[in-house]
Amino acid sequence: MKNLISAIETRDGQRLSELAQPQNKPTSINAYAEKLVDMLFDNLIQIFPASKHTVFSNRDDISATKRQWVLAFIENKITTIEQLKAGMSIARQQESDFWPSCGKFIGWCREGMMQSMGLPSVCEVMDEMKRYSNMEWRYPSIESFPWSSDIMYLIVPEARSRMTQYNLSDKDVRDFIRKQLIVYYQQIQDGRVIPPIRPLIGRNQRGISTSELIDKDGKYRIIGQEVLKEIRARISIRDN
């Protein structure tokens, strides 16, 4: 067990991979790695009790399942106790009684670690994008907008640009934001600093449009947004 903990704490992927390899029997995994996964699975079973009658109803499949989880952790760089604790923290917030897939739990590990690093959630980025869409016209440049954090400045304009350029759905935008958050999460994990907001040299500021000159206080813009919101609500009711 000491060898396993040492490998985890030092993020020794090669050693962990060796521990996860099957021995003589194809359905068995190394005893060290098995203890780690056993500990994790014991905790998850308490949170997702329905798994006793679904995932773990057939004992012949358990060893193979555990081996796949260990290998998936190594491949996705989930190799520290802190990451597993972060995943368990998100797992305890779930309302479902059913066992999560390995990929979902890895996502929870990342999400929990992102929260501990101070990175925003996908929902928080979406809220910031709505605020930016409603208020962007008031500011001469992207950099002058009052972003809630540097990471918002790096993600939101690109997400909004892709949404309008490629006509992305809400799900597509959320997927893009999630991927961007993972990129910056890995960047922090590697010890690199997220760049701060700084004006781009030689960048031209956006000029004032005719509509902005006429509607200086934004009154008509707000009225237009309310009308559009009403139309969308009617279409939604009709479609349902």
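The values are calculated or read from the model by the stated rules, or taken from the named source; none is laboratory data. Only a predicted model underlies this, so the values are computations on that prediction, with no experimental measurement involved. So basically every Cβ, Gly included, is an ideal-geometry build from the backbone, and we count neighbours across all protein chains shown. Ligands, DNA and RNA are stripped out before the accessible areas are found, and what is left, the full protein with its side chains, is counted by its heavy atoms. Shrake-Rupley method; radii C 1.70, N 1.55, O 1.52, S 1.80 Å.
S121: closer than 16 Å to F176 by Cβ and modelled with pLDDT under 95, yes or no? Here the answer is yes, as S121 does meet what is asked. Would you say Q94 is at negative phi, open to solvent by 40 Å² or more (accessible area, probe 1.4 Å), at pLDDT 90 or above and not acidic (D, E)? So Q94 passes the test. Out of segment 55-68, which residues are among the hydroxyl-bearing types (S, T, Y) and in a helix (DSSP H, G or I)? Within segment 55-68, S63, T65 qualify. In segment 66-85, the residue that is farthest from the chain's Cα centre (by Cα) out of those that are within 17 Å of D42 (Cα to Cα) and open to solvent by 40 Å² or more (accessible area, probe 1.4 Å) is Q68.
Of the candidates V156, V173, V183, the single residue that is of a type in the set (V, I, T) and either over 15 Å from the mean Cα position of the chain (by Cα) or open to solvent by 40 Å² or more (accessible area, probe 1.4 Å) (or both) is V183. For R178, the test of being closer than 11 Å to P120 by Cα and within 14 Å of the chain's Cα centre (by Cα) is passed. How about segment 143-163: which of its residues are farther than 20 Å from L119 by Cβ and of a type in the set (A, V, I, L, M)? Within segment 143-163, just M163 meets the criteria.
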